[in-house]
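Report on one structure; see the data block that follows.
The values are calculated or read from the model by the stated rules, or taken from the named source; none is laboratory data. Source: prediction; values computed, not measured. Cβ coordinates were reconstructed from backbone atoms using ideal geometry, including for glycine residues, and neighbour counts include every protein chain displayed.
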Amino acid sequence: MHMNSSEFRKWPNKAITLLGMSGVGKTTLANHLPKSHWFHFSGDYRIGTKYLGEPILDNIKRQAMQVDFLRELLRSDSIYIASNVTVENLSPISTFLGKVGRSDLGGLPLEEFLRRQRLHRDAEIQAMKDVPEFIGKARQIYGYEHFINDAGGSVCELDDHEMMAALSNNTLILYLRPDPEMEQELIRRAVSNPKPLYYREDFFQAQLAIYLAERSLAGPNDIDPDDFVQWIFPRLSAHRKPRYEALTAEHGYAVDAAQICSLRDEQDIIDLICETLDRS
């Protein structure tokens, strides 16, 4: 959705989608918007509760069934297992996504890893397609004036035209663009604390071949899962950057992510967005 600053200020029911790498400040910005007036939609939460809920539970149960004590209790319906995904706790999704590599280091076989990657891709697309419906629900059922969509860091990887149409036709898309210093900080954090990530399959397969050759490994089952994530993240960051820029050029606007730390309240955010629209 494109508009000028005057149109944005007068927009009675504002709806915004935030794009950017994890850690760039999307949630920080969203949290400055009062929950009394803004419906906060988390793409990751929707993924974990609606579209990956069953696969996440199946994975947990599969692990539990390897423990004799728990297996008998589960089989007799003496206990049940539930996943407690919240907006603040997305660990069940991350754990399900997993990392490729050696099983003794917690890694997944390649085919299982790719299966979960594909499930996550489909789930993220569906979660973003749900945004127009939730904009309506937020206003008509719950009485919220405005809507903020905190999208996952991998939206730029999905290449789904229907999904992007749903977002661009119904929300103002803001890309939180990191400067070079912030990019390096995001890489430093990812390397110090390697977490499961989503990758486009063609990008992943190409990088996997390079990694195996560089490390002189026979195959994916020999990979140290954390080492692979640490190795690939700088490449993933560089790969995603032009994709974010392309989406922004067609569908939205870019905000300097370094400015997020200086925002104090809703009015600061509105002013920042209007300044961005005026520049564009």
When restricted to Ile141, Ile125, the only residue touching a helix residue (DSSP H, G or I) at 6+ places or on another chain (Cβ under 8 Å), on the phi < 0 side of the Ramachandran plot and among the β-branched types (Val, Ile, Thr) is Ile125
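Just wondering, is there one or more residues in region 171-178 that are out of contact with any helix residue (DSSP H, G or I) (no Cβ under 9 Å at 6 or more places or on another chain), modelled with pLDDT of 95 or more and not aromatic (Phe, Trp, Tyr)?
Pass one, region 171-178, residues out of contact with any helix residue (DSSP H, G or I) (no Cβ under 9 Å at 6 or more places or on another chain): none.
No, region 171-178 contains no residue that is out of contact with any helix residue (DSSP H, G or I) (no Cβ under 9 Å at 6 or more places or on another chain), modelled with pLDDT of 95 or more and not aromatic (Phe, Trp, Tyr).
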Checked against (1) closer than 20 Å to Thr27 by Cβ; (2) surrounded by fewer than 17 Cβ atoms within 10 Å (Cβ to Cβ), Arg115 satisfies every condition except (1)
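Only one of Ile148, Ile93, Ile125 is at pLDDT 95 or above, of a type in the set (Val, Ile, Thr) and crowded, with 22+ Cβ neighbours inside 10 Å; which?
Working: Ile93 fails: at pLDDT 95 or above; Ile125 fails: crowded, with 22+ Cβ neighbours inside 10 Å.
Exactly one of Ile148, Ile93, Ile125 is at pLDDT 95 or above, of a type in the set (Val, Ile, Thr) and crowded, with 22+ Cβ neighbours inside 10 Å, namely Ile148.
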### Query
Would a scan of region 68-86 turn up a residue that is in contact with a helix residue (DSSP H, G or I) (Cβ under 7 Å, 6 or more places away or on another chain), of a type in the set (Gly, Ala, Ser) and closer than 30 Å to Glu185 by Cβ?
no
